[in-house]
Amino acid sequence: MEAFFGLLFVSPYIIHFVVLQAGTILYSLFLSFFDSDMLTKMNFIGLDNYRYLFENEPLFGQTLKVTAVYSFVSVPVATILSLAIAVLLNQNIKFQGIFRTMYYLPAVVSGVAVALVWIWVLNPDYGLSGVVFDLLGVQSPRWFWSEGWALPGLILISLWGTGTNMLLYLAGLQAVPTQLMEAARIDGAGAARVFFSITVPLLTPTILFNVILNIIGSFQVFTSAYVITSGGPNNATLTMVLLIYQKAFQNFHFGYASSIAWVLFIIILFFSMVVFRSSGRWVYYESGAPR
Amino acid sequence: MSTMVTRKQFLHTAAGLIGASVLAACGGGASTASPAAGAAPASTPKPATNGTTASSSGATPTRAPMAAQGKGKVDLTWEVSQGDAWMKASVATLPALLDKVPAIGKVTVEPTPGDWENKLVASMVAGTAPDVFDMWGDIIPPFVERGQVVDVQPLVNRDYKAADLQDFYDWQWRDFVLPWLNNIRFGMPRYVNMMFTWYRKDMFDKAGVKYPSLDWSHVDYADAANKLTVKDSSGKVTTFGLAYPAWSWDRYWYKPTIWGGHTVDPNDNTKAAFDSEQSLAAFEWSRKLMWDDKAMLPPLEIQNQSFLLHFPTGIMAMAEDGIYPFEMDDQIQGKFEWAYMHVPKGPTGVRKVLGTTDGTAIWKGTKAQDEAWELQKWVAGPDYQLAIVQATGRVPVRHSVLAKWLDIAVKTRPNLKNANLNVALEAMQMGYPGAREFYKDNNAAQEIIVPALQKVFVTGGAPVTYMKQIATQVTNAEKNGAR
């Protein structure tokens, strides 16, 4: 009876997972082998969507480049930045709670709202960007109005929302045993040595977790690119998910869009696996060998 | 080689797949959801862009539906892509329709949600689309192509007399038919928008420039834009002489037309034609004014927001945009004198601007086509049109109501007395507004052309000759079939 009620109580999630998640995921894989607009046609074409994507899609290379640059710049920078902020906020300073709240706040603001605010912040004429660059005596970049600066603009926005990473690092920092740091200091280690030889190794499981999540999230960047630039100017911020969206909902090629989604999945899987595989060399687990 | 799968086969396969996933999940080892498999979020609102849609919807996703209750049994849903005033006026007129058509029980008027085009597609797939929805020629073709829209031509033939049809504007009535899609008439007119030049008389007076007139040319237009442009001591432009969204998909095409060129080959809708000398000269007129003369407003200056919002700020002396008399009066509030004028003729002596086909369409999957048609006729009818004129000041779709529109607009808003609203009546008599030239696959062309227009006009990063290679790309995509 207990088992029955146990199953009953978890059944909402199981149903949700099976029907709304696993079911739709499998359906999109199924759909990727069809020429389908979801309304009038469902023609089986085997791997032709994948062939077209690699051989004929003029935007594939561009979206791959944009997404890769976004990920390979934003993930390392976000990791370093959020760790640095966490270290600062882990100090015994006045108004610590207020600072922590302030740094975390952007993480709970809607992506659309954040995007709209940043459009103004990065306006080279009237925004904060213009003011800052004026003070420096340099002309502000044109950000979203320039092919060269639009993507850096989106990366900058992504860094503003590192509050979640920061919070996890903060939790990790507070779990670092103080006796280890004290022992190191007694042995003559300076602050930098303590940080790099004690704190960072003990934080590596948290770093691994954050990096994996950031890789997944950054390859799926959509909201900021959609709201701010719609992929422009001249496709300078056309990410892979934006391409999926365009192909499905604007061009009615749902089967083709599904195939792009699965290629993106493979790419994310690949980089996640690379990080996982390498983790044996750099992630330290107190309880023993890396898992 | 492609193989057709029947609906039944498809459902069996899908059920099998779902069943397999149920077993997999229950058998343990269920993995977390794939991050990549889901489509992009569909609820994000589109960015506010200027001139990207002909129908300037003021709808927001938060507004609640409104309903009119009748005594019949058939309920209808109508999705309206306009602001609150329009929706309220629509609901207020519906009791008269319900009296006239007793079979209708309730008409729910729903505001279009954010990202509504995509949600409409999803609701059609799900079988829950509204019976009647607002639509216009630029975005209807994919829906027509996929059999989602009722061809109303047979219904028109059945219910309208020739004299009734003469009350609609010839050009707008013509453009509701899509010749390359079996001459389907996709809907009935709901309202009309046309491009005019708005100008600030105070700025013209200050610059000593003669007000625009009917015989203005594009040479005069550019000359005035240059004279009206004001720079501060540092050389920064504080007032641009003209604002025209040359980068916009729904506005870029008519300048090449009046220069004697085309955007689509008139004899072959799979061939791009904007690489001709005439078309390139038309693009160059805008590019030079924007990037060399710095007399035409680049979108950065107003964050791609509407000209309407920024016209009163003084950032522009003239703007080429639609006709929104009440909205303009709300914005300007009599603080300065302004007026409308016809957009000048091109070098060929031809005058042409975007004239919209804003209308309503009936979803093919509706269970109440007859009642939906009655609603559609009502919207295109004189009573509804008059109510909308009174509530919103927008230009009606019938000659008989247009005659009253001018009086109503000026009486309701005395500030509009000197705004030269006559241009709308004159434009209808001259008949120069109209719909764009369509490609066979308009979406595929748009995907290539819009980024190119951005490169030339938004970033200023390319000469207009760049459009030559873009024309080749468009033709290739149209002929080979792009996905």
Whole-Å distance linking the alpha carbon centroid of region B:461-479 with that of region B:403-419 is 45
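Mind checking A:9-21 for the average number of partner chain beta-carbons within 10 Å of each residue's beta-carbon?
The shielding value for this peptide is 3.
Among rounded, prolate and oblate, which fits region A:13-282 when a ≥ b ≥ c are the square roots of the eigenvalues of its C-alpha gyration tensor, a/c under 1.5 means rounded, and a/b larger than b/c means prolate? Could the numbers behind the result be given before it?
Numbers: a/c = 2.36, a/b = 1.48, b/c = 1.59.
It comes out oblate by the Cα gyration axes.
For region B:57-179, what value does the Rg/Rh ratio take when both radii are computed over Cα atoms and Rh is the Kirkwood radius, given to two decimals?
Working: Rg = 15.7 Å, Rh = 16.2 Å.
Result: Rg/Rh = 0.97.
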Per residue of B:442-453, other chain Cβ atoms within 10 Å number on average 4
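Just check chain B against the gyration tensor rule for me: Cα atoms, a ≥ b ≥ c as the square roots of the eigenvalues, rounded for a/c under 1.5, and otherwise prolate or oblate depending on whether a/b exceeds b/c.
The shape class here is oblate.
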Magnitude of the Cβ-charge dipole (Lys and Arg +1, Asp and Glu -1) of the protein assembly as shown about the Cα centre, nearest 20 debye, reported as 720
Beyond 24 Å (Cα-Cα) in this structure, taken from B:LYS294/B:LYS455; B:LYS352/B:LYS479; A:LYS41/B:LYS440, we find B:LYS352/B:LYS479
Going through B:LYS255/B:LYS288; B:LYS227/B:LYS288; B:LYS206/B:LYS255 one by one, the pairs whose alpha carbons sit over 19 Å apart turn out to be B:LYS206/B:LYS255
Partner shielding of A:49-55, taken as the mean number of other chain Cβ atoms within 10 Å, equals 1
Quick note on B:PHE274, B:PHE176, A:PHE95, ordering by fewest other C-beta atoms within 10 Å, gives A:PHE95, B:PHE176, B:PHE274
The percentage of Cα-Cα pairs in the protein assembly as shown separated by more than 35 Å is 54
For B:ASP205, B:ASP134, ascending order of other Cβ atoms within 10 Å (fewest first) is B:ASP205, B:ASP134
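Coordinate-derived values only; no laboratory data. Here the structure is a predicted model, which is why all the values come from computation and not from measurement. As a convention, Cβ positions derive from the backbone with ideal geometry for all residues, glycine included, and neighbour counts pool all protein chains shown.
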